[in-house]
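See below for the structure under consideration.
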2 protein chains.
Amino acid sequence: MEEKSGRPGPKRSLSAGRIVDVALELFDGEVPSIRGVAARLGVRPNTLYTYLPDRAALERALVDRLLAEADPDLLLGRRSWRRRVEDYACALRGVLLRRRGAAALLHSAPMDGPNALLVGERLLALFITAGLPPTEASRATYAVIVQVLGAATLTAADQDGRSEEEVVAARQSLEIPAEHFPLTAQTWPTAATWNTEHQFRWSLRALLDGLVR
Amino acid sequence: MEEKSGRPGPKRSLSAGRIVDVALELFDGEVPSIRGVAARLGVRPNTLYTYLPDRAALERALVDRLLAEADPDLLLGRRSWRRRVEDYACALRGVLLRRRGAAALLHSAPMDGPNALLVGERLLALFITAGLPPTEASRATYAVIVQVLGAATLTAADQDGRSEEEVVAARQSLEIPAEHFPLTAQTWPTAATWNTEHQFRWSLRALLDGLVR
DNA sequence: CCGATCTCTGTACGGCGTGCAATATTGCAC
DNA sequence: GTGCAATATTGCACGCCGTACAGAGATCGG
């Protein structure tokens, strides 16, 4: 019934989707190795090459999956457009921080998967709602993507598995040579919170202010 | 005369600095391998471990070198503070794009080297000049860093060695399914220019507007 | 001159991505 | 049913990678 085409050869024991599934499951800070994924699937490494051209394809597929873990429907609804952008951005940030290293991955490949397009479309709609002409709305969309991914990547690198409180405490106790960097030393209590969700929201709000000024 | 301490053992044939030198020279999209650097130095790979604890240390050292390639003095002078931020940001972007992959590298390690601190201090001073209270100036500094590194990283990933014109042309000829993403399709000519310096400056200006609103 | 100390090398281990030929399995045409 | 062509999976191999470890040679203070 649901047998696909009448092509000869043995049945496939896997699928690209299943491979990405377990790669995602194994994902922890880094994209798992081909051999690691194969081992978890109880299969020789080369078997994966039946389903994927190379490791880069696995990475690309992972990017799209990860993007889908933040619910794009947060960009819909009847809340204010700013609220929706903020909520979605925070959700995405959360996903990228929980999956350590995911941010760097997202950042390393051009995002042209279907999920990326969907998010772009909805951001675009939001900015047009906010009164921007289409051209500026497009630019604003990219600016927001940059800010969200950039912040998530830096925070993920700095965090490295620790909780937000631990990271702040660790930074707070850093010694800044006040004779060379007086302003930095003076404002260091704030700089210690650079990688918090609070700072994330603050930056995002500032950017949105500037975009619709 | 300049002989260091009277410590036994043969003279060192290298130095950490020299290693970073040739690593930078060999850098092209990715941090060169330990073995590659050693080969270029005419030495066995393990020799490098006399000067560096591990490969991560090489990466960290490279980050600081790369950061220094954009002249921090661009943040000084008597031009308007906005102009200085913009000029420095563009210079840094240029460095990160010329050295493909450098952006991702900068982004993957917490930046706490001396060069990073210097840049931070000067940005801080600029925002205080602009009238922000110290706490907000600190936050603004980070927001700018995020935007610059984020944009450079995404652009570097998308560019992959091609010129700006080639990238724009390639994106322009992409087919966007208008029935699913009407707004995206409509504004695609703009989206094709997302990774240009022009868009970079536009986003940065918007962010600065929002920061000092 | 001795012994301590340090640099550099030889060798090796375990991991990686992946190319290639062989093997086993299947569906289709006859 | 039988043979054929297409296919999935494997075994093996290659050339990379980072780096641990022990030993050889150089260079110093005493």
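Structure summary
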{"item": "Helix axis angle, B:197-211 relative to chain B longest principal axis, alpha carbon, degrees", "result": "80"}
{"item": "Accessible area buried, both sides summed, chains B and A with 1.4 Å probe, Å²", "result": "4700"}
{"item": "Summed side-chain charge close to B:E25 - residues other than B:E25 whose Cβ falls under 15 Å, Lys, Arg +1, Asp, Glu -1", "result": "+2"}
{"item": "Accessible area (Å², 1.4 Å probe, nearest 10) - B:S33", "result": "60"}
{"item": "Principal-axis tilt of helix B:81-98 within chain B, Cα atoms, nearest 10 degrees", "result": "60"}
{"item": "Segment A:173-179 - phi-based ³J(HN,Hα) in whole Hz, Karplus 6.51/-1.76/1.60, Gly and Pro as x", "result": "8, 6, 8, 9, x, 5, 6"}
{"item": "Computed E for A:E179/B:T129 - FRET, C-beta separation, R0 22 angstrom, nearest 0.05", "result": "0.55"}
{"item": "Separation of alpha-carbon centers, segment B:34-52 and segment A:46-80, rounded to whole Å", "result": "39"}
{"item": "Those residues of segment B:100-132 whose amide nitrogen sits under 19 Å from the label point placed on A:D160, 7 Å along Cα→Cβ", "result": "B:104-117"}
{"item": "Candidates per GluC sites (Glu not before Pro) in segment A:106-213, loop by DSSP, up to 13 other Cβ within 10 Å", "result": "A:E175, A:E179"}
{"item": "Segment B:76-172: trypsin sites (Lys or Arg not before Pro) in DSSP loop, at most 15 other beta carbons within 10 Å", "result": "B:R78, B:R79, B:R162"}
{"item": "Under Karplus coefficients 6.51, -1.76 and 1.60, residue-wise ³J(HN,Hα) of segment B:116-128 in Hz, glycine/proline x", "result": "4, 5, 4, 4, x, 4, 6, 4, 4, 4, 4, 6, 5"}
{"item": "Sulfur and carbon atoms: percent of accessible area, chain A [1.4 Å]", "result": "51"}
{"item": "Highest-fluctuation residue, B:V43, B:V85, B:V144 considered, GNM on chain B with Cα pairs under 10 Å", "result": "B:V43"}
{"item": "Global geometry of chain A, whether rounded, prolate or oblate, following the gyration tensor of its Cα atoms and the 1.5 cut on a/c", "result": "oblate"}
{"item": "Accessible surface, chain B, averaged per residue in Å² (probe 1.4 Å)", "result": "49"}
{"item": "Prolate/oblate/rounded label for the protein assembly as shown (Cα gyration tensor, a/c 1.5)", "result": "oblate"}
{"item": "Distances in nm from A:L174 to the matching label points in the other copies, shortest first (labels 7 Å along Cα to Cβ)", "result": "3.5"}
{"item": "Cα centroid of segment B:135-161 to Cα centroid of segment A:93-160, whole Å", "result": "13"}
{"item": "Value of relative contact order over segment A:71-211, rounded to a whole percent, pairs C-alpha under 8 Å and six or more apart", "result": "26"}
{"item": "Cβ-vector label at 7 Å, B:R18, separations to other copies in nm", "result": "5.5"}
{"item": "Candidates A:A140, A:A57, A:A70: whichever shows maximal mean-square fluctuation once chain A is modelled as a Gaussian network with Cα springs under 10 Å", "result": "A:A57"}
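The values are calculated or read from the model by the stated rules, or taken from the named source; none is laboratory data. Note that the structure is predicted; figures quoted are calculated from it, not measured. So basically every Cβ, Gly included, is an ideal-geometry build from the backbone, and we count neighbours across all protein chains shown. Remember, those area values only see protein heavy atoms, side chains included, never the ligands or the DNA or RNA. Shrake-Rupley method; radii C 1.70, N 1.55, O 1.52, S 1.80 Å.
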